[in-house]
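So the structure is just underneath, and the comments pick up after that.
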Amino acid sequence: MALLKIEDLKLDIENSNQNSHILHGVNLLINKRDRLGLVGESGSGKTMTMRTVIQLLPKKTKIISGKVIYQNQNLLQKTEEEMEKIRGREISVIFQDATSALNPVYPIGKQISDIYLRHKGRDKKKALEETVNILRRVGFPKPSESVKAFPHELSGGMCQRAIIAMALMCSPKLLIADEPTTGLDVTIQNQVIDLILDVIKGKDVAFVFISHDIGMVTKACSKVAVMYAGHIVETCTAQRILKKPLHPYTKGLVRCYKTIIGKRMVYIRGSAPELIKTISGCPFEPRCDVAMDICKRQKPKSIQVEKEHWVTCHKWNN
Amino acid sequence: MNQNNNIIQLIDVKKEFPKIVAVNNVSLCIKSNETLGLVGESGCGKSTLGKCILKLLKIDSGKIIYRGNPIHNLPEALFRPYRKRIQMLFQNPLTSFNPFYSIQASINEFCNLNDDLKEKGEIIKKIKYEMNRVGLSQRILTSKPNELSGGQLQRAALVRTLIVEPELVVLDEPTSSLDMSIRGQIINLLQDIQEQLKVSYLIISHNLRVIKTIAHRVLVMYLGEIVEETTTKKLFNKPFHPYTRALLEAALLNINENETKDILKGEVTQTSRNLIGCKLAPRCQYSKKRCFQQKQELEEIEKDHLVRCWRAKEI
Amino acid sequence: MYYSLKKRGNNILRFVLINYKSHLKLSFVIILLVLISILAIIAPFLPIDEPTKTDMFNTNAPPSYEHWFGTDENGMDVFSRTINAARYDLVIAITAVLIGSIIGTILGATAGYIGGLFENIIERFAEMIQGFPYILFGMLIYMMIGGGEAALIIVVIVYNLPFYAKLVRSEVKSLKNVPFVQAAICAGIKPYMIVFRHLIPNALPAIFGQFPLSAASAIRFIAALSFLGLGLPPPTPEWGSMIQIGANSIIFGKWWVSGFPGLALFFVVWVLNSLGMSLQVYFGKES
């Protein structure tokens with residue numbers, strides 16, 4: 001049964017009196033206990049998709065059309081009050097910059113307990129107990145002391161763990177992590193991902209991992225969706241995406257990731273399209289080596305190639 | 001180390017900040033037409049080292065010798081001729097251009113370093129030539145930085161650097177802020193330029209794939225010290241130091257599939273910075289008592305392969 | 001920032017016309033300031049009484065059809081004086097703040113960039129000036145060169161110097177480590193060029209936001225000093241001295257002599273303060 005369904009989501013942003021199209025009809029399906037990776041580079045719209053789900057959009061954005069259906073309710077139609085009940089409780093988000101998601105003037109214990117108190121009742125003692133428990137779970141060696149620690153006293157990795165604790169405090173049904181490891185040292189990135197996977201193991205949580213790092217995403221997730229310029233171009237299992245990518249963009253990404261041909265690095269020629277331009281036809285066409293005439297004129301539709309493998313490309317339109 | 005062939009030599013360079021020794025007695029040398037890679041994570045001092053070479057920071061002790069001439073003590077007026085020979089490419093191309101001025105204006109600023117470019121005609125010709133070399137259209141010249149993409153800006157920064165015809169370019173994380181799918185554009189371009197102009201590079205990066213492609217020799221830094229130094233091939237085929245191995249494992253580049261996972265635990269802490277012994281010891285799963293107590297030296301473990309770890313051969 | 005102002009044709013009016021929807025308060029305040037300036041400029045050409053024309057038969061007369069704001073103890077038309085005073089107050093304030101901010105900016109930028117002894121000296125001077133009460137300083141200047149425009153301008157300049165010096169110094173210190181400044185150093189650009197080409201332009205948003213606030217303060221300074229008789233000599237129309245002249249008449253119920261200049265002063269200061277704060281918000285949003 002689908003936990004979250006994003007249907008044909010179209011999003012615009014107004015920038016210096018110009019309308020830019022951010023999302024061009026995004027479709028995503030997340031089931032219970034799924035581990036979905038959302039891969040995309042700059043301008044792909046992956047962060048915006050997530051922000052639309054939790055309704056934390058910047059001021060000048062406009063939702064043109066589409067639905068975000070969570071447990072049979074359209075989140076786009078909910079009021080701010082209703083969304084506040086959902087954020088943190090049903091749907092939790094881990095943001096990229098750990099240290100700025102934490103309030104520097106309060107100890108982390110208080111910030112984590114506050115989440116409990118907001119959603120699960122006013123028992124302060126219970127809140128503290130749960131806080132200590134979850135800090136221990138995320139790897140704080142002395143959790144009863146750590147509750148008093150301030151964010152600036154903690155290292156980057158520990159801050160990120162505190163954020164994870166905050167996100168999981170109320171046992172959400174959907175956990176979204178937006179570039180949780182970008183900016184952290186490479187040797188700690190694996191620790192953080194392993195921790196998240198460990199904590200949600202066996203629980204009834206769906207996990208969405210947003211990143212530009214296709215290697216990390218395929219390691220941590222079972223399903224992968226690839227985004228390019230506000231479109232979802234391919235969706236399949238994590239194993240297949242590295243072995244048998246079908247969309248030219250995905251193929252390019254995997255090649256960049258996998259191969260080092262002697263002394264030359266692999267790359268995809270050109271660069272991502274600017275948001276301002278309206279795209280008719282396939283957005284990847286200018287950079288695609290196998291583009292056909294129709295690719296310029298018509299936007300490709302999403303085709304199911306195999307069970308659990310969808311591609312948005314004219315080449316597979318037979 | 002062939003004295004005649006060395007472009008630049010750093011001897012026991014030390015740079016301290018309040019409470020932190022960013023660069024702790026680092027020595028290195030770069031030859032002509034060579035690329036030296038400097039690998040390490042945040043806080044290891046590699047960026048600081050790059051800035052010291054460009055005299056953006058003043059070193060506290062040690063020597064920097066350029067083609068046999070000591071430059072670390074020179075006042076700015078005397079160092080100016082060297083500015084033409086040593087240049088830097090910055091990590092974030094957007095902030096390396098003044099947002100108020102066009103690309104053309106920013107590039108023109110650099111022309112004063114090159115004595116051949118006194119006349120306007122010469123300048124225009126040279127810029128056109130370099131724009132061609134990096135694959136940028138002339139239209140870019142009139143644009144402002146925020147109108148261009150990261151890839152375009154980094155190329156424009158390259159044009160600016162090449163205008164002065166340097167001998168050594170310090171590349172400070174040149175592709176970290178660029179999409180993975182276009183990193184190769186810049187790295188391959190840098191290699192082409194090296195072939196054509198015989199320029200040397202000091203490439204500072206935490207991205208091992210980039211280092212593997214472009215560097216001839218590699219230095220691995222941890223908390224201000226060099227922990228391993230060798231050729232690129234040897235580093236990736238036979239890494240000795242636990243930190244190097246951890247980096248390779250994290251980047252999914254390790255050769256040995258059976259290698260124990262998680263060589264390192266925990267994170268960098270203030271105490272580990274101030275240790276007398278090996279700075280990696282608190283995190284290293286191979287550490288012994290001696291690692292904490294005794295100062296570790298860089299030793300030649302094999303031909304042309306130096307490691308700062310007494311247990312390197314065993315593990 | 002500067003660039004986007006240029007993009008909008010460096011034309012304030014066009015800016016307002018294009019952006020009034022998103023920057024309501026800023027546009028409104030700009031329009032007000034423009035109107036005030038226009039009024040101040042055309043004041044001498046308006047078909048109203050001379051500001052210094054006395055009418056001894058009509059002293060301290062309440063507002064009427066002939067004298068919209070009434071007359072003061074010398075029979076001078078308060079309305080005319082209030083409008084004309086705008087010329088003196090605004091011009092002196094803006095000129096003085098302009099000069100003071102330019103000198104202060106240059107000193108502050110250099111101090112921030114070069115640092116060392118020079119910066120210390122500038123810092124100490126700034127502290128000395130800011131610690132000195134301006135009324136006392138006004139008196140000193142009055143004793144030395146008498147009152148008048150020159151004296152007021154000097155006081156305001158000296159008062160703004162340390163303020164801008166400190167503001168720009170702190171902006172420059174944070175800009176010093178920005179990559180494009182480091183790139184300029186690598187290009188062998190001489191320090192004074194770096195200060196003028198790179199550092200000051202990027203500090204301009206902070207300066208622009210501060211400027212109207214300084215002008216508002218300056219007008220209050222001028223009014224205060226003139227109120228004490230240390231500024232423009234009578235019968236020059238100036239809000240501060242007008243308020244002072246009318247102060248004695250208030251208890252007799254003659255509120256208009258001080259009231260209207262007071263209102264005008266309040267209004268202009270409000271407009272300038274709002275402009276300054278809206279600009280700061282605007283530049284904050286832009287970055």
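A few points about this structure:
- Scanning region B:162-183 for residues that are of a type in the set (D, E) and within 9 Å of chain A (Cβ to nearest Cβ) turns up just one, B:D179.
Yes/no per residue for (1) more than 25 Å from B:Y222 (Cα to Cα); (2) within 14 Å of chain C (Cβ to nearest Cβ); (3) modelled with pLDDT under 95; (4) not in a strand (DSSP E or B):
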site: B:D12; (1), (2), (3), (4): no, no, yes, no
site: B:V21; (1), (2), (3), (4): no, no, yes, no
site: B:L56; (1), (2), (3), (4): no, yes, yes, yes
site: B:N73; (1), (2), (3), (4): yes, no, yes, yes
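- Any hit, region C:81-102, residues being of a type in the set (D, E, K, R), buried (at least 22 other Cβ atoms within 10 Å of the Cβ) and not in a helix (DSSP H, G or I): no
- Matching strands (runs of 3 or more DSSP E) fully within region A:27-124 where at least 1 residues are among the hydroxyl-bearing types (S, T, Y): A:61-70, A:91-94
- Some residue of region A:219-236 being of a type outside the set (D, E, K, R), modelled with pLDDT under 90 and in a helix (DSSP H, G or I): no
- Qualifying residue in region C:188-202 (condition: of a type outside the set (A, V, I, L, M, F, W, C) and at positive phi): yes
- Set C:A183, C:A264, C:A218: member being part of a helix (DSSP H, G or I), modelled with pLDDT of 85 or more, buried (at least 18 other Cβ atoms within 10 Å of the Cβ) and touching a strand residue (DSSP E or B) at 6+ places or on another chain (Cβ under 8 Å): C:A183
Rundown of residues vs (1) surrounded by 13 or more Cβ atoms within 10 Å (Cβ to Cβ); (2) more than 18 Å from B:R183 (Cα to Cα), yes/no style:
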{"position": "A:R264", "(1), (2)": "yes, no"}
{"position": "A:S280", "(1), (2)": "no, yes"}
{"position": "A:P283", "(1), (2)": "yes, yes"}
{"position": "A:R287", "(1), (2)": "yes, no"}
{"position": "A:V290", "(1), (2)": "no, yes"}
{"position": "A:I294", "(1), (2)": "yes, yes"}
{"position": "A:S302", "(1), (2)": "yes, yes"}
{"position": "A:H309", "(1), (2)": "yes, yes"}
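- Being in contact (Cβ under 8 Å) with a residue 60 or more places away in the chain, within 21 Å of A:C221 (Cα to Cα) and surrounded by 15 or more Cβ atoms within 10 Å (Cβ to Cβ) is a property that does not hold for A:V68.
- For the condition assigned to a helix (DSSP H, G or I), modelled with pLDDT under 90 and either more than 9 Å from chain B (Cβ to nearest Cβ) or crowded, with 19+ Cβ neighbours inside 10 Å (or both), C:L167 does not qualify.
- Among the candidates B:E195, B:E167, the residue that is within 17 Å of the chain's Cα centre (by Cα), modelled with pLDDT of 90 or more and charged (D, E, K, R) is uniquely B:E167.
- All positions within region A:203-237 that are within 13 Å of the chain's Cα centre (by Cα) and polar (S, T, N, Q): A:S211
- Failed item, numbered, when B:V159 is tested on (1) within 14 Å of chain A (Cβ to nearest Cβ); (2) touching a helix residue (DSSP H, G or I) at 6+ places or on another chain (Cβ under 6 Å): (1)
- Qualifying positions in region B:41-54 - at pLDDT 90 or above and touching a helix residue (DSSP H, G or I) at 6+ places or on another chain (Cβ under 9 Å): B:K51, B:L54
- For A:G37, the requirement of being at pLDDT below 85 and buried (at least 20 other Cβ atoms within 10 Å of the Cβ) is not met.
- Test: A:E129 is part of a helix (DSSP H, G or I) and not assigned by TED's automatic domain parsing to the domain that holds A:E145: no
- Selection within region B:97-128 - out of contact with any Leu (no Cβ under 8 Å at 6 or more places or on another chain) and closer than 12 Å to B:R160 by Cα: B:A105, B:S106, B:N108, B:E109, B:F110, B:N112, B:L113, B:N114, B:K128
- Going through (1) within 14 Å of chain C (Cβ to nearest Cβ); (2) within 15 Å of the chain's Cα centre (by Cα) one by one, B:T95 falls short only on (2).
- Any hit, region A:109-117, residues being closer than 18 Å to A:A177 by Cα, touching a residue at least 12 places away in the same chain (Cβ under 8 Å), outside the structural domain of A:I6 (by TED's automatic domain parsing) and touching a Leu at 6+ places or on another chain (Cβ under 8 Å): yes
- Residues (under 21 Å from A:C170 (Cα atoms) and in contact with a helix residue (DSSP H, G or I) (Cβ under 7 Å, 6 or more places away or on another chain)) located in region A:63-82: A:L75
- Tally of residues being aromatic (F, W, Y) and surrounded by 14 or more Cβ atoms within 10 Å (Cβ to Cβ) across region C:233-252: 1
- Taking the conditions (1) buried (at least 17 other Cβ atoms within 10 Å of the Cβ); (2) away from every other protein chain (no Cβ under 13 Å) in turn, B:G121 satisfies each one other than (1).
- Restricting region A:180-218 to residues that are within 14 Å of chain B (Cβ to nearest Cβ) and part of a loop (DSSP other than H, G, I, E, B) leaves a set whose member that is modelled with the lowest pLDDT is A:G183.
The values are calculated or read from the model by the stated rules, or taken from the named source; none is laboratory data. Everything numeric here is computed off the predicted structure, so don't read it as measured data. Note that each Cβ is placed from the backbone with ideal geometry, even for glycine, and that neighbours are counted across all protein chains shown.
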